[in-house]
Amino acid sequence: MNTQSDKNIVIVGAGHAGGSLAAFLRQYGYQGRITLIGDEASVPYHRPPLSKAWLKGEIALEALYLKPQTFYDSQNIELVLGNRVVTLDPKEKVVYLSGGESRDYDELVIATGANSRRLNIPGSDLGNVFYLRNLEDAKKLAEGLRVCSRLAVIGGGYIGLECAATARAMGIEVTLFERTPRALERVASEPLSAFLTRYHATKGVEFCFEASVAEILGADRASGIRLTDGRVFQCDAVLVGVGAVPNTELAVAAGLECSNGIVVDEDCRTALPSVFAIGDVAMRPHPLFQRNFRIESVPSAMEQAKRVASYLTGKAASAAEQPWFWSDQYDLKLQMVGLLGDANQHVVRGDIESGKFCIFHFSDDRLVAAEAINASPEFFAAKKLIGVELAEDKARLSDMSVPLNEFIK
Amino acid sequence: MVKVLFLRNDGAEYLVEGEVGMSLMQLAMNNNIPGVDADCGGAMSCGTCKVRLDNEWMEKVDPCSEHELQMLEFSGSDFPGIRLSCQIKLDDKLDGVRVYIPEQQ
């Protein structure tokens, strides 16, 4: 049997999940080999700033890196960049890389993430139709925005809204097209999305809801958008943010069960021995819920990376956390925790119109989620209170004269 | 260079050096110091880079901004001297600072 020090862990995917896993393995005392393979040219980096501070030019490229370039050498982590894993052979325990090399493994962790869902309509392949998922996308978008005066955003999710806010800050006119009746339809409550839509509108963003884009117009560059109802809008660049698709090709080809992500257990183990999956690509039963989720967020990637690092080093797993998420738009800081699915009522603390409030969502008397805007104390209080039956305290949450710490017992 | 000693509850100590202007969080990240997660990378969104300083050192760092105070109010920090390490920039008067890492973020 191998001792830990001559074991060989291979991580496929050098995003937030994969990069963090390599670091956690060393933190937890693992002394064997680690190989981190990424198809991008860059060392692992923070993606969230790509639509915000980095796109605005406020921070340097190096500030995005999870760890400095020198880290991987100093921690004895073999970093193989610009290489895609093309084949996984679980019988021989080997992966084959696009560059022609291969790597044997004792334990394999798939952290291939997700990629932007592509539009497939006439004109969607024009040069100034942008997506935003990785640094290369962001560089192209930043370049495109520099010469853009009117941007069409397709999709009213986080990518669409954050880029709309950034574009407005750069003085670009923005029209946002969303298929459903409201922004953040899948991921935010109705009152939150209504507030955000009004806020974006005051900043000059125009919205077209229930708008289905039929065609991107233009000969060699996008110059307009035509909706299925015939309306036409002029633009000189298009950003598409219509969701993400997990990168499961490698797993599917290796015979792993995939259903909107690689199906894993609570410890992120796949059905194959010594093969794990973490991050945006993993479809996992969340320890706090009786359902499978594929959660696209940094905190989830971190939690899963810690879980697998614990598992592989024989360390007790840290306690499960409620899913949470943040976003920054203009001067608004959004922080959300919990899952809205079971909510059937809500209580607002603070004044929505003031732009500083928190919506607490309940399933009957039990707090299940909270959405905070410029209300960090409420967000952190909610993190502690989720799952708690609040009963008569529920209505008092809206009373700003009752200090938050009265609710935390 | 500024010398910083990170200390964990389990007794582990990490003596590292950083450049003036770098944040304590960045220094912890660069040296892979366990217990400082920094999910958001310094965007003041996550509250997972908390550290604690002694009184002696608290007097030498810039005070908390209003937002940082709000971030700390309910973020599981029930002892004084707690700060977000992403908000503390290294400077010469911090040379030799002792930084305690909480058991949990």
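Key figures
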{"quantity": "Those residues of region B:30-75 which are modelled with pLDDT under 90 and among the hydroxyl-bearing types (Ser, Thr, Tyr), in sequence order", "calculated": "B:75"}
{"quantity": "Failed item, numbered, when residue A:57 is tested on (1) more than 12 Å from chain B (Cβ to nearest Cβ); (2) at negative phi", "calculated": "(2)"}
{"quantity": "Selected residue (criterion: farthest from the other protein chains (Cβ to nearest Cβ)) from residues of region A:25-43 that are small (Gly, Ala, Ser) and either in contact with a Cys (Cβ under 6 Å, 6 or more places away or on another chain) or more than 26 Å from residue A:249 (Cα to Cα) (or both)", "calculated": "A:32"}
{"quantity": "Restricting region A:221-257 to residues that are touching a residue at least 24 places away in the same chain (Cβ under 8 Å) and β-branched (Val, Ile, Thr), the residue that is surrounded by the fewest Cβ atoms within 10 Å (Cβ to Cβ)", "calculated": "A:245"}
{"quantity": "Filter result for residue A:368 (within 23 Å of residue B:67 (Cβ to Cβ), within 27 Å of the chain's Cα centre (by Cα) and not in a helix (DSSP H, G or I))", "calculated": "no"}
{"quantity": "Pick from region A:360-372, criterion more than 14 Å from residue A:349 (Cα to Cα) and in contact with a Leu (Cβ under 7 Å, 6 or more places away or on another chain), ranking: farthest from the other protein chains (Cβ to nearest Cβ)", "calculated": "A:365"}
{"quantity": "Residue match in region A:214-226 (condition: touching a His at 6+ places or on another chain (Cβ under 9 Å) and at pLDDT 95 or above)", "calculated": "no"}
{"quantity": "Lone unmet requirement of (1) touching a residue at least 12 places away in the same chain (Cβ under 8 Å); (2) within 30 Å of residue A:212 (Cα to Cα) for residue A:143", "calculated": "(1)"}
{"quantity": "Single residue of region A:373-395 satisfying the filter (over 26 Å from residue A:332 (Cβ atoms) and in a helix (DSSP H, G or I)) that is farthest from the other protein chains (Cβ to nearest Cβ)", "calculated": "A:395"}
{"quantity": "Some residue of region A:12-24 being away from chain B (no Cβ under 11 Å) and modelled with pLDDT under 95", "calculated": "no"}
{"quantity": "Number of the exception - residue A:57 against (1) out of contact with any Lys or Arg (no Cβ under 6 Å at 6 or more places or on another chain); (2) within 23 Å of residue A:247 (Cβ to Cβ); (3) touching a residue at least 12 places away in the same chain (Cβ under 8 Å); (4) not in a helix (DSSP H, G or I)", "calculated": "(2)"}
{"quantity": "Listing of strands (runs of 3 or more DSSP E) fully contained in region A:145-236 that carry 1 or more residues being out of contact with any Ser or Thr (no Cβ under 8 Å at 6 or more places or on another chain) and not assigned by TED's automatic domain parsing to the domain that holds residue A:51", "calculated": "A:150-154, A:173-177, A:213-217, A:224-227, A:232-234"}
{"quantity": "Selected residue [closer than 24 Å to residue A:318 by Cα and of a type in the set (Lys, Arg)] from A:52, A:56, A:67, A:91", "calculated": "A:67"}
{"quantity": "Elements of type helices (runs of 4 or more DSSP H) contained in region B:15-105, each with 1 or more residues being facing chain A (nearest Cβ under 9 Å) and within 28 Å of residue A:328 (Cα to Cα)", "calculated": "B:24-30, B:66-73"}
{"quantity": "Among (1) under 14 Å from the mean Cα position of the chain (by Cα); (2) surrounded by 14 or more Cβ atoms within 10 Å (Cβ to Cβ); (3) modelled with pLDDT under 95 - the single one residue B:89 does not satisfy", "calculated": "(3)"}
{"quantity": "Some residue of region A:174-182 being surrounded by fewer than 19 Cβ atoms within 10 Å (Cβ to Cβ), closer than 25 Å to residue A:46 by Cβ and of a type in the set (Lys, Arg)", "calculated": "no"}
{"quantity": "Index of the failed condition, residue A:117 passing every other in (1) without any contact (Cβ under 8 Å) to a residue 12 or more places away in the chain; (2) among the charged types (D, E, K, R); (3) in contact with a Gly (Cβ under 6 Å, 6 or more places away or on another chain)", "calculated": "(1)"}
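Residue-by-condition table, conditions (1) away from every other protein chain (no Cβ under 14 Å); (2) charged (D, E, K, R); (3) within 20 Å of the chain's Cα centre (by Cα):
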position: A:45; (1), (2), (3): no, no, yes
position: A:63; (1), (2), (3): no, no, yes
position: A:74; (1), (2), (3): no, no, no
position: A:82; (1), (2), (3): yes, no, no
position: A:86; (1), (2), (3): yes, no, no
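Here's the yes/no breakdown for (1) in the same structural domain as residue A:45 (by TED's automatic domain parsing); (2) surrounded by fewer than 17 Cβ atoms within 10 Å (Cβ to Cβ); (3) of a type in the set (Val, Ile, Thr):
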{"position": "A:297", "(1), (2), (3)": "yes, no, no"}
{"position": "A:300", "(1), (2), (3)": "yes, no, no"}
{"position": "A:307", "(1), (2), (3)": "yes, no, no"}
{"position": "A:318", "(1), (2), (3)": "no, yes, no"}
{"position": "A:335", "(1), (2), (3)": "no, no, no"}
{"position": "A:339", "(1), (2), (3)": "no, no, no"}
{"position": "A:342", "(1), (2), (3)": "no, yes, no"}
{"position": "A:345", "(1), (2), (3)": "no, yes, no"}
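The values are calculated or read from the model by the stated rules, or taken from the named source; none is laboratory data. Please read these numbers as outputs of a predicted model, since none were measured by experiment. No Cβ is skipped: glycine too gets one built from the backbone with ideal geometry, and neighbour counts run over all protein chains shown.
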